[in-house]
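In what follows, a structure is listed as structure tokens, so that the remarks can point back to it.
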Amino acid sequence: FFFNDTATTEIYTLSLHDALPIFLPGQHLTVVFYDANNQEVARQEVRANDYGAFSGSFTAPSGRRLGAMRLEALGGPAGSTFFSVEEYKRPKFQVTIEAPKVAAKLNAEVRLAGQATAYTGAAIDHALVHYRVVRQVQMPWWWDWGWFRRPRPRSADQEIAHGELRTDAAGRFEIAFLARPDPAVPESDEPTFRFTVHAEVTDGAGETRSDARTLRLGYTALEARLTAAEWLTADQPVRLEVRTTSLDGEPQVTAGVLRLHSLEAPERVHRPRLGGGFGPVPRHWPPAPGTDTEDKDTPQTPDWSDPNQWPLGPVVEERAFSTDTNGLAALDFRLPAGVYCAVLETQDRYGHRVTARLPLTVVNPGSDRFDIKVPYHLSAPRWEVQPGEEFLALWGTGYPAGRAFIEIEHRGQLLQRYWTAPGATQARIRQAVTEAMRGGFNLLVTFVHENRAHFTLRQVRVPWRDRELSLRWVHFTSKLQPGQKETWTLEVRGPEAAN
């Protein structure tokens, strides 16, 4: 919120709700207005309506320090909101930095043109321009996944160029810099670099306006990404979707190969390391699967309870692919239950190698045995359901034996509470969803084995779709005569929209 120096009145609304909406009609609250120094400005007593909502107004204070202020509700459910109170001064000109006319490349000079223009259309000539260029290092999105993980480069944001110049008679200026990569990050790690150019222009009257533009460059001119559904089963094809774009997000047509590797599981299930973590990779990496290193909890070895840290195994299937003009491709595979890693390889237009990786877990819901060597697993086809549907989740453990305690809770009442069947290491959790369960319910799963407690509290969403309304503005202007008034109509659509 922005305010003038003069007193200005605004209306603020706080909604009383949580993850499971429970309306509190008639709730009495005190709303306190605090300034930027955390000093009370004013307070107001309010009472919620039948839907738990209330409103009120405050006058922004004058003569106090500007900045972040807040409203806080007291005497009932906690609630607060922050906003900014600043002196508004109408700007007289604007600054824009244009995209480079020639595609920028790493290790080459980049030139960006800028323009300072008054809102009257006049050029801001001979204005002082301060500029600086900041470089950020970005690793691939899969960098922290499993055995690919290596020590993350300690490379902070770095200013690689700065300077001063003047706008010409047309209000234009040009910034040139060398897009140098960070030498501390090897090219083989496939990093990308964000170069952000900041420009501040000060006119003759002392007014300063600024703009910034970010360029994303890398050793390759292509970026590949793999995606798949979270719920993958052995009785349905596993669909992998490929997306190839430039570093600026523009679709690119390319071809390559996609390999599916199984992962080398340990011979037995290992309990999770206390505190988790992944230590430095030893010289004998990768160690032989099944070696007993977990019990010592040494920081020099992976956590074998995490399949994302298992080494790559043999290739179970290899398939060539090519993306269309939208940079998209889809491939279907039939896979038995287990854990896999999809590895994509392709090349950019300069012949540089580009890769992408994606971990996959495929389950068999029809079995009563969970055959993946992990201590604990919980998944579901979806965590949002509608009344009349059935919620389904799958729990499993890779131990030879184990039972989990299942609880399903709705608004403080237990709908189900039971142990999984003895002798089974995999169980299907089912719950019929009724209209009374609008707002959602909670799934609680508790499993204890080898002095390790595995506890999951997960909310299952049951949204109020029957009360959703959509709003649409319809604009009409008659062109039969000049100067006609505009007509705006608000259309409300949805259940009970007429009310």
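The values are calculated or read from the model by the stated rules, or taken from the named source; none is laboratory data. What you see is a predicted model; the values in this text were computed from it and never measured. FYI the Cβ positions are ideal-geometry reconstructions off the backbone, even for glycines, and counts take in every protein chain you see. The area values use the complete protein model at the heavy-atom level, side chains included, leaving out ligands, DNA and RNA. Shrake-Rupley method; radii C 1.70, N 1.55, O 1.52, S 1.80 Å.
Computed quantities for the displayed model
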read-out: Kirkwood-based shape ratio for segment 369-484, expressed as Rg/Rh from alpha carbons; value: 1.34
read-out: Nearest-10 value in Å² for the accessible area of Glu109, using the 1.4 Å probe; value: 120
read-out: With DNA, RNA and ligands ignored, accessible area of Asp235 (1.4 Å probe; Å², nearest 10); value: 100
read-out: Estimated FRET transfer efficiency when R0 is 51 angstrom, pair Leu457-Arg180 (beta carbons, to 0.05); value: 0.60
read-out: P(r), alpha carbons of segment 388-445 - 10 Å bins starting at zero, rounded %; value: 21, 50, 23, 6
read-out: Ile124, Ile408, ranked by accessible area, largest first (probe 1.4 Å); value: Ile124, Ile408
